[in-house]
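For reference, the structure is listed below as structure tokens.
The values are calculated or read from the model by the stated rules, or taken from the named source; none is laboratory data. In this text the structure is predicted, and so the values were computed from the model without any measurement. Methodologically, a virtual Cβ is constructed for each residue, glycine included, from the backbone with ideal geometry; neighbour enumeration extends over all protein chains shown. Please note that ligands, DNA and RNA were not included when accessible areas were found on the heavy atoms of the full protein model with its side chains. Shrake-Rupley method; radii C 1.70, N 1.55, O 1.52, S 1.80 Å.
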Amino acid sequence: MKIIDAHAHHFGKAAASVKEKFLTPAQQWYWDFYQIKSPKNIELADYLTAAAKMQVPVSVNLPVAPRRYSPEKVAAINLAAADLQQDNWKTVFSLGTINPHHNLATIKEHLKWMADDQHKLYGVKLHPLDWDAFQAFDPGDDAYFPIYAEMAKLDLLLTIHCGAGLRGGE
């Protein structure tokens, strides 16, 4: 049996330099379940070593751009995700991110960049939770459907984080 860590948050070289690293709940579970001492700031290489030991050969990287992030910061997150995927081909598969509060023209630029042959991110993760670190939007609002249509046109996957605190579930 092969296991995929389908909800990972790996950080590229740029984030590593500013110590923006943390364990996702799934990563923490692996570390706890196998009684591996869990460092506060895990390096991708450490994660991949532990994952291989636990027969988890693949992870899906799901970055998110908080609502306060500018188009330039969103682009930097996507570049880090694309670099990480390229550097760890067949081990890490990355989606990209957008800020759904940006104008549609800006979002389309980000989506086109993700879908091009050079970067080839697999899709987009959206995080509608109404907390500062997330995106605070209702994914069922008709205003976001043009974004979804553009993603479909570019053959990009969409994953939407689900759970408590979603604006659409209020």
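In region 159-170, the residue that is nearest to residue 126 (Cα to Cα) out of those that are open to solvent by 50 Å² or more (accessible area, probe 1.4 Å) and at pLDDT below 50 is 169. Of all residues in region 121-158, those being in contact with a helix residue (DSSP H, G or I) (Cβ under 9 Å, 6 or more places away or on another chain), among the charged types (D, E, K, R) and surrounded by 13 or more Cβ atoms within 10 Å (Cβ to Cβ) number 3. Here residue 73 fulfils each of the conditions (1) open to solvent by 60 Å² or more (accessible area, probe 1.4 Å); (2) within 18 Å of residue 127 (Cα to Cα); (3) outside any helix (DSSP H, G or I); (4) not hydroxyl-bearing (Ser, Thr, Tyr) apart from (3). Across region 93-102, a minimum of one residue is classified as within 20 Å of residue 129 (Cα to Cα), out of contact with any strand residue (DSSP E or B) (no Cβ under 7 Å at 6 or more places or on another chain) and open to solvent by less than 60 Å² (accessible area, probe 1.4 Å).
Report yes if residue 82 is in contact with a Lys or Arg (Cβ under 8 Å, 6 or more places away or on another chain) and within 20 Å of residue 10 (Cα to Cα), otherwise no. When the stated conditions are applied, residue 82 passes them.
Any idea which residue in region 44-66 is modelled with the highest pLDDT, counting only those that are under 15 Å from residue 129 (Cα atoms) and in contact with a Phe, Trp or Tyr (Cβ under 7 Å, 6 or more places away or on another chain)? Top of the filtered list is 64. Out of 70, 94, one residue alone is farther than 12 Å from residue 10 by Cα and hydroxyl-bearing (Ser, Thr, Tyr). It is 70.
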